[in-house]
1. What is the Cα centroid distance between region 62-95 and region 135-176, reported in whole angstrom?
2. Can you tell me the dipole magnitude for region 61-205 around its Cα centre, using point charges on the Cβ only (Lys, Arg +1; Asp, Glu -1), in Debye to the nearest 20?
3. Enumerate the lysines that Lys151 could reach by cross-link, defined here as Cα to Cα under 26 Å, with residues fewer than 8 away along the same chain left out.
4. Set Lys and Arg Cβ to +1 and Asp and Glu Cβ to -1, take the dipole of region 61-205 about its Cα centre, and tell me which of Thr187, Leu166, Phe127 lies farthest positive.
Amino acid sequence: MRRFAILLAISSTSAMSLAAQQLATSTTPLRECGACVASLAVGIHQVPADTGRLRAIEYSDAYAVRLKIHRIASYAELPLFAAEYFLGEKLLRDQRNGVNQGGEDGGNRSSARGAHSAVAAGLGVLFTVNTVTGGWNLYESRKDPSGRTRKWIHTIAMLAADAGFLWTAAAAEGARESDAGARTHRTRAIASISLATASTVMMWLWKD
């Protein structure tokens with residue numbers, strides 16, 4: 001019994017000594033592992049929770065209505081441009097041939113003058129509608145990156161065409177008074193029509 005107690009004491013001492021040695025040798029790896037875990041934790045905190053997540057863009061029902069009106073008006077734009085061009089050319093020929101443009105000095109009145117003014121008024125209404133609907137929808141879609149470049153190119157071009165048509169209208173009176181004034185009016189009109197046509201066709205052909 002006494003021998004068993006001595007052996008048990010020796011075994012306990014050896015076990016404690018072995019455990020102490022193992023603890024001493026494992027201190028460095030534990031420290032290194034702790035540093036790794038700490039760096040990993042820092043990295044996790046630096047990454048946003050919603051990285052790469054796509055957010056849905058919602059549009060109102062009014063957006064769809066304005067878009068439909070805008071498209072219908074754009075389809076009517078080119079026929080009106082063609083009619084205005086040919087009527088303007090007839091007015092210019094009549095003026096050069098001595099046909100009166102509706103003044104009070106007598107003579108024959110050009111049959112194209114009234115139609116030319118009516119089509120010009122129609123284009124004014126059309127561009128007002130499309131400027132309002134297009135600008136409103138551009139604002140509502142400001143957070144949508146899809147087609148942003150195409151929309152902005154179209155917007156800038158059409159606003160420039162708007163200004164061009166106002167500039168053309170300012171030369172209408174001079175067009176009735178002289179051939180030089182008529183040529184100025186014609187040049188401004190063709191430039192504005194060309195810019196608006198190119199911008200409209202771009203929107204038809206350039207799809208996202």
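Bear in mind that the values in this text are calculations on the coordinates, not laboratory data. Remember, predicted model here, so these are calculated numbers, not experimental data. Virtual Cβ from ideal backbone geometry, glycine too; neighbours counted across all protein chains shown.
1. 15
2. It comes to approximately 480 debye.
3. Lys151 reaches Lys68, Lys143, Lys207.
4. Phe127
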